[in-house]
Amino acid sequence: MVDVNKLEFGIETFGDIVANEDGSLKTAGESIRQIVKEGELADKLGIDVIGVGEHHRPDYSVSSPEIVLGAIASVTKNIKLATAVTVLSSDDPVRVYERFATLEGLSEGRAQVMLGRGSFTESFPLFGYDLTDYDDLFNEKLEMYDQLRKEKPITWSGKFTESLKNQDVYPKTDYDGLDTYIGIGGSPESIIRTAKYGYKVILAIIGGQADRFVPYLDLYKRAAEQFNMPTHPVAVHSHGFIADDDDEAVEVAWKNIKANFDRIGLTRGWAPMSRDQFDGETRSGSFYVGDPERVAQRMARTIKLLDLGRFDLVYGAGNQTAAQRERMIELYGTKVIPRVKEILSQEG
């Protein structure tokens with residue numbers, strides 16, 4: 001049964017370039033500053049978490065999410081600061097630890113690390129890595145990160161990472177280690193790996209019905225038991241858009257989410273998104289689109305189905321305007337989240 005009192009709600013942005021009212025696009029710098037403004041708004045509304053993605057391509061503005069999160073930390077008090085995700089495979093685990101430990105100190109314990117192998121692969125050639133090593137890179141670097149996270153001198157040697165001998169890494173955190181999630185797109189191996197390290201799971205449900213992930217949650221619990229590790233409340237992130245009017249929400253989302261997915265699909269071999277496909281996703285799939293009541297009803301169903309501890313709504317997909325993004329966050333914080341809690345409390 002979902003504990004409504006412990007349930008968390010977040011927003012995430014992948015750093016999409018913001019549109020001006022006339023349809024032209026803002027610069028990357030303007031879009032980054034808009035994210036900081038949105039983080040401040042979310043904090044004032046009592047939203048629990050903001051996640052900022054890492055990308056290395058022209059249609060996204062953020063390649064260094066920790067810097068953006070540090071800016072958000074300086075204008076907020078309570079909201080947790082997460083990445084969505086940090087591509088550990090093409091990064092240096094020592095630098096990942098150092099950056100997040102710095103953010104942890106700056107924000108007084110609000111930093112969250114969300115690690116992933118990277119659904120976008122632009123960072124691999126950019127930093128000199130071979131995609132044929134995709135799995136091995138993540139496995140080795142996750143093991144090194146896990147050692148660093150213990151904040152003790154580390155002796156380490158690997159194929160893709162530097163060798164260290166009784167090396168301390170700084171800064172140390174003032175809190176109980178770095179809060180760490182692993183982003184999972186639907187791989188049983190990833191679920192088992194997360195359970196092995198005792199980290200938290202965040203499921204990236206960006207297509208299809210949430211029901212298909214029920215077996216993965218059962219696997220997570222069984223694997224954690226086998227490894228004698230704790231289980232944690234599971235989180236989910238999915239795309240969505242909220243507006244005061246249901247029809248307006250659907251049309252804005254159709255225009256922007258379709259453009260976003262079609263653009264990504266050009267490099268992944270996806271067929272262009274059809275209207276039937278989009279409508280199916282908004283009706284019973286992974287797009288949480290509509291007025292506050294419609295979105296709240298669908299979110300409550302998913303949270304109850306998967307017994308979630310946290311739900312993150314990915315906002316701003318495509319090239320939405322600042323006004324559209326900010327109004328969505330306002331509706332999410334003031335109407336959707338209270339209504340979801342009300343629905344779940346009524347259902348017991």
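Observations, loosely collected:
- Counting protein heavy atoms only, the chain has 50 percent of its accessible area on carbon and sulfur, 1.4 angstrom probe.
- The alpha-carbon of Lys221 sits under 16 angstrom from the alpha-carbons of these aspartates and glutamates, leaving out residues fewer than 8 places away in its chain: Glu189, Asp307.
- Anisotropy class of the stretch 108-249 from Cα gyration tensor, a/c 1.5 cut: prolate
- Rg in Å to one decimal, and Dmax rounded to a whole Å, for the chain via C-alpha atoms: 19.5, 61
- Total formal charge among the other residues, if their Cβ is under 15 angstrom from that of Ala271, Lys/Arg +1 and Asp/Glu -1: +1
- Rounded, prolate or oblate (a/c below 1.5 giving rounded, otherwise prolate when a/b exceeds b/c) for the stretch 244-348 by Cα gyration tensor: prolate
- Under a Gaussian network description of the chain, with springs only between Cα atoms under 10 Å, the residue in Thr27, Thr267, Thr334 that fluctuates furthest is Thr267.
- 3J(HN,Hα) from dihedral phi, the stretch 265-274, Karplus parametrisation 6.51/-1.76/1.60, rounded to Hz, x for glycine, proline: x, 4, 9, 10, x, 7, 6, x, 5, 8
- Beta bridge orientation in the stretch 4-347: antiparallel %, DSSP, nearest 5: 10
- 19 Å Cα-Cα reach of Lys255 towards lysines, excluding residues that sit fewer than 8 places from it in its own chain: Lys26
- Cα lying deepest toward the dipole's positive end in the stretch 4-347, options Gly285, Pro171, Asn228, charges on Cβ: Asn228
- Placing a pseudo-label 7 Å from each Cα along the Cα-to-Cβ vector at Ser284 and Leu45 gives an inter-label distance of 2.9 nm.
- Prolate/oblate/rounded label for the stretch 38-178 (Cα gyration tensor, a/c 1.5): oblate
- Within the stretch 4-347: Cβ-based charge dipole about Cα centre, in debye rounded to nearest 20 (Lys, Arg +1; Asp, Glu -1): 580
- For the stretch 4-347, accessible area per residue (1.4 Å probe, heavy atoms of protein chains only), Å²: 43
- Straight Cα distances below 20 angstrom link Lys77 to the lysines Lys6, Lys37, Lys44, with same-chain residues fewer than 8 positions distant left out.
- Extension gain, Leu106 to Glu342, is 81.5 nm, computed as 0.36 nm per intervening residue step minus the present C-alpha separation.
- Within-12-Å neighbourhood charge of Ala204 [Cβ basis; K, R +1; D, E -1]: -1
- Here the 3J(HN,Hα) profile of the stretch 78-86, calculated from phi with Karplus coefficients 6.51, -1.76 and 1.60 at θ = phi - 60°, is 10, 5, 6, 10, 10, 9, 8, 10, 8 Hz, Gly and Pro shown as x.
- Gained length - Asp245 relative to Val214, 0.36 nm times residue gap less alpha-carbon distance: 7.9 nm
- Folded to 0 to 90 degrees: helix 214-226 orientation relative to the chain principal axis, Cα: 20
- Mean separation of Cα pairs under 8 Å and 6 or more residues apart, divided by the residue count, gives the chain a relative contact order of 20 percent.
The values are calculated or read from the model by the stated rules, or taken from the named source; none is laboratory data. Every value quoted in this text rests on a predicted model; they were computed, and no experiment measured them. Because the Cβ atoms are built from the backbone with ideal geometry, glycine has one as well, and the counts that use them run over all protein chains shown. Remember, those area values only see protein heavy atoms, side chains included, never the ligands or the DNA or RNA. Shrake-Rupley method; radii C 1.70, N 1.55, O 1.52, S 1.80 Å.
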